[in-house]
Each structure stands twice: as C-alpha cells, then as structure tokens.
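The values are calculated or read from the model by the stated rules, or taken from the named source; none is laboratory data. Values in this document were obtained by computation on a predicted structure and should not be read as measured data. Every residue, glycine among them, receives a Cβ derived from its backbone with ideal geometry; neighbour counts consider all protein chains shown. Accessible surface areas use protein heavy atoms only, side chains included; no ligands, DNA or RNA. Shrake-Rupley method; radii C 1.70, N 1.55, O 1.52, S 1.80 Å.
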Amino acid sequence: MTKEEFMIEEISKEIVLLLMSEHQMDMQEALRTLYTSDTYASLTNIHNGLYTQSTPYIYEYLEHELATGKMG
C-alpha cells in the first residue's frame, strides 16, 4: 500500500464514521454514500491532491454534495 492509498483509506474511514454519527446512517449506507460520491472520486484522484487535506475539509465537500447534488 502506498502512502497515498493509506491516507485515502484513513480519510475514508473517518468520513464514514462522521456520516454514521451526523446523519444516523448505518455502516453500509455510509459506505455507499461515500463510495458513490463525486467527492470520493476526487479524493481518490491522487493528481489533484485532495487526499492531502484534512478530513473536516473533505467532509465539507461531501456535505455540500449531499445537500446540492454537486461537489463543493
């Protein structure tokens, strides 16, 4: 596992936990929400560097996407 992959996995884990606590999602729903989002697609694109940002910063993108249907 590369450093980038590790960082993406850690951020993903933290975001799933946030979705579960803040949106009362079960784990399956939280995983599906994250993995099907444009935010996750951007997070996993190592060329744009989003994975180097903080989890709260990335979570804000996802929150915006969930509210508007478009990535922040």
GLU22 accessible area, 1.4 Å probe, all protein chains in place, Å² to nearest 10: 100
From the phi angles alone, apply the Karplus equation (6.51, -1.76, 1.60; θ = phi - 60°) to the range 44-55 and give each ³J(HN,Hα) in whole Hz, x where the residue is Gly or Pro. 7, 8, 5, 6, 8, x, 4, 4, 8, 8, 6, 4
If you take the beta carbon distance between GLU29 and TYR57 as r and set R0 to 30 Å, what does 1/(1 + (r/R0)^6) give as a FRET efficiency, to the nearest 0.05? 0.85
Using the alpha-carbon centroid of each, what span in Å lies between the range 31-56 and the range 1-26? 10
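Among THR39, THR52, what's the order by accessible area (1.4 angstrom probe), most exposed first? All intermediate terms of the calculation are to be shown ahead of the outcome.
On the way: THR39 0, THR52 80 Å².
Result, largest first: THR52, THR39.
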Taking only the Cα positions of the chain, the convex hull volume per residue in Å³ is 79
